[in-house]
Amino acid sequence: MNSKTVAQLLSQNETLQDVSVKGWVRTFRANRFIALNDGSTINNMQCVVDFENFDEALLKRVTTGAAIHVIGELVESQGKGQSVEIVVKTLEVLGDSDPETYPIQPKKHSFEFLRENAHLRTRTSTFSAVMRLRSSLSFAVHKYFNENGFNYMHTPIITGSDAEGAGEMFKVSNLDAKNPPLNEDGSVNYKEDFFGKETNLTVSGQLEAETYAMSLGKVYTFGPTFRAENSNTTRHLAEFWMIEPEVAFMDLDGNMDLAEDFMKSVLGYVLENNKEDLEFLDNRLLQEEKTKPQAERSTMSLIEKIKFVVDNNFKRVSYTEAIDILRNSKPNKKKKFNYIIEEWGADLQSEHERFLVEKHFKCPVILFDYPANIKAFYMRLNEPDHEGRETVRAMDILFPGIGEMVGGSQREERLDVLKEKMKALDIDEKELWWYLDLRKYGTAVHSGFGLGFERLVMFATGMGNIRDVIPYPRTPQNAEF
Ligand code: 4AD
Ligand code: MG
């Protein structure tokens with residue numbers, strides 16, 4: 001007999017003889033009602049046992065966390081809370097679970113505790129819902145690009161180039177750390193290392209994606225990226241997944257259109273396909289909101305927030321306009337910001353980004369045309385503005401509750417301008433000879449962006465800590481599991 005999943009059985013509305021299902025016991029109430037979950041849905045299957053028909057020793061083994069196999073009759077439920085239930089005929093304990101030590105008790109656990117038990121936390125409703133949503137979003141990402149003519153490209157994880165020009169990478173080496181080969185000046189001789197040069201884990205697949213955009217036209221990457229920045233925040237991971245589309249012949253306006261359409265599409269997908277998980281998380285958040293003071297409570301539920309993003313245009317605002325807004329804002333004038341905005345050219349901190357999206361515009365915002373000197377070398381330089389200030393065709397997409405979700409730009413396609421920029425920043429042309437080749441042979445306008453997948457999952461699930469939307473978070477001082 002083929003076993004069915006709980007999800008399959010719950011969608012049945014007829015009586016069925018001899019259904020078979022396997023899963024883990026959530027609770028066993030009154031020696032009669034087993035709440036069985038197999039991960040296929042947020043809902044449990046109620047399995048009703050008549051204790052007189054079963055061995056007492058067997059029933060004792062039906063404890064929270066145990067794996068069991070049930071065969072019985074699927075009938076319309078007598079009780080409230082479910083449409084169908086199984087009247088158990090055969091019960092087999094596949095794997096016992098010691099109720100004394102099993103960490104996931106049928107009660108509310110803190111997220112901190114569950115993080116320490118991340119190998120079992122998907123046995124809870126919240127984490128199973130989050131991870132099903134993560135999986136679904138990930139499918140929606142591939143679906144969107146596939147339906148829109150993009151090629152999926154696997155960019156290297158080990159790289160010899162530092163795409164963002166930031167000194168925050170993890171080294172990859174198989175040299176003996178205690179006794180590495182040295183140059184005459186005492187520095188490590190990486191010529192003797194595995195790759196014959198210094199290599200790192202990638203911070204972004206962008207530069208390689210650009211090479212494929214300039215031949216395949218539309219490409220995207222979706223893979224792990226690594227940053228060794230020591231930022232212990234609720235929005236940073238040392239290992240996270242990034243989605244990076246890159247498109248030839250597309251300018252910054254096209255890039256903004258693509259990013260907005262893409263995000264609306266994947267969020268729309270989960271609204272359609274993950275209703276029950278979203279409703280569960282919506283309700284969880286509602287309960288959490290109730291514990292906050294009235295003034296701090298969100299006016300929209302989780303599902304309303306997602307619908308709002310899907311149904312409304314993102315606000316597009318230039319950096320220069322944003323600075324004016326921030327300079328004249330209350331928290332700036334009253335010196336409530338930790339970093340007071342005084343001059344054009346200031347880098348925006350997350351407190352400023354959050355003010356713009358949460359207080360001022362109250363919707364996702366695309367900020368564009370940033371000062372050239374606070375952005376990466378590869379971004380396309382604009383003509384100086386009327387005050388002679390230099391900006392680049394960069395864009396960041398800011399989301400309520402999250403802050404920066406997307407960073408992208410039109411790329412500098414002019415060889416001479418790019419070379420000059422690299423020179424000014426002391427970036428070795430020899431390291432990026434292949435990147436410069438793209439500007440020598442058939443160069444063209446092109447653009448792309450990077451979206452932090454976990455930040456998207458945070459938004460879609462309402463989870464407040466990025467550690468709770470990735471199976472096994474890697475953060476400073478933590479690489480358990
Ligand atoms: O803004 P970033 O650094 O942009 C790039 O890496 C570009 N090369 C992307 C491109 O144009 N192809 O990173 C992109 C996004 C951020 O907006 C943020 O959502 C996410 O990646 N991100 C992180 N997410 C989790 N933990 C971190 N430490 C992150 N750093 C960036
Ligand atoms: Mg960024």
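The values are calculated or read from the model by the stated rules, or taken from the named source; none is laboratory data. Not measured: the values here are computed from a predicted model. Using ideal geometry, Cβ is built from the backbone for each residue, glycine included, and neighbour counts are taken over all protein chains shown. Side chains are part of the model used for accessible areas, which takes the heavy atoms of the whole protein and leaves out ligands, DNA and RNA. Shrake-Rupley method; radii C 1.70, N 1.55, O 1.52, S 1.80 Å.
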Using only alpha carbon positions, build the gyration tensor of region 64-142, then give the equivalent ellipsoid semi-axes as the square roots of 5 times its eigenvalues, largest first, whole angstrom. 27, 21, 13
Considering the convex hull of the alpha carbon atoms of region 6-102, report its projected area averaged over all viewing directions, in nm², one decimal. 5.9
Relative compactness, region 160-264, computed as alpha-carbon Rg over 2.2 N^0.38 Å: 1.38
Using the Kirkwood formula on alpha carbons, the hydrodynamic radius of the chain in angstrom works out to 25.6
Give me the percent of accessible area attributable to carbon and sulfur for the chain, probe 1.4 angstrom. 48
Straight-line reach from residue 419: which aspartates and glutamates fall under 12 Å, measuring Cα to Cα and dropping same-chain residues less than 8 apart? 428, 429, 437
Could you please tell me the mean projected area of the C-alpha convex hull for region 345-460, averaged over all directions and given in square nanometres to one decimal? 8.7
Using alpha carbons only, how many angstrom separate the centre of region 39-74 from the centre of region 249-291? 36
Helical contribution to [θ] at 222 nm, DSSP H n ≥ 4, -39,500 (n - 2.57), averaged over the chain, rounded to 500: -9000 deg cm²/dmol
Å² per residue, accessible surface of region 340-481 at 1.4 Å: 43
Charged-residue dipole, Cβ positions (Lys, Arg, Asp, Glu), the chain about Cα centre, Debye nearest 20: 1320
Per the Kirkwood formula on distinct C-alpha pairs, the Rh of region 399-481 is how many angstrom? 16.1
What fraction, in whole percent, of alpha-carbon pairs in region 78-186 exceed 23 Å separation? 69
Starting from the exponent 0.38 and prefactor 2.2 Å, build the expected Rg for region 222-281 from its residue count and divide its actual Cα Rg by it. 1.51
If Lys and Arg each add +1 and Asp and Glu each add -1, what is the summed charge of the other residues whose beta carbon sits under 13 Å from the beta carbon of residue 155? -4
Modelled label-to-label distance, residue 195 and residue 271, 7 Å Cα→beta-carbon offset: nm? 4.2
Among the listed pairs 143/307; 108/292; 330/362; 315/421; 108/307; 264/336, which have their C-alpha atoms separated by more than 24 angstrom in this model? 315/421; 108/307; 264/336
So how exposed is residue 241, as accessible area in Å² (1.4 Å probe, rounded to 10)? 90
I'd like the distance between the alpha-carbon centres of region 408-451 and region 84-116, rounded to an integer number of Å. 55
Local electrostatic count, residue 112, Cβ distance below 14 Å [Lys/Arg +1, Asp/Glu -1]: +1
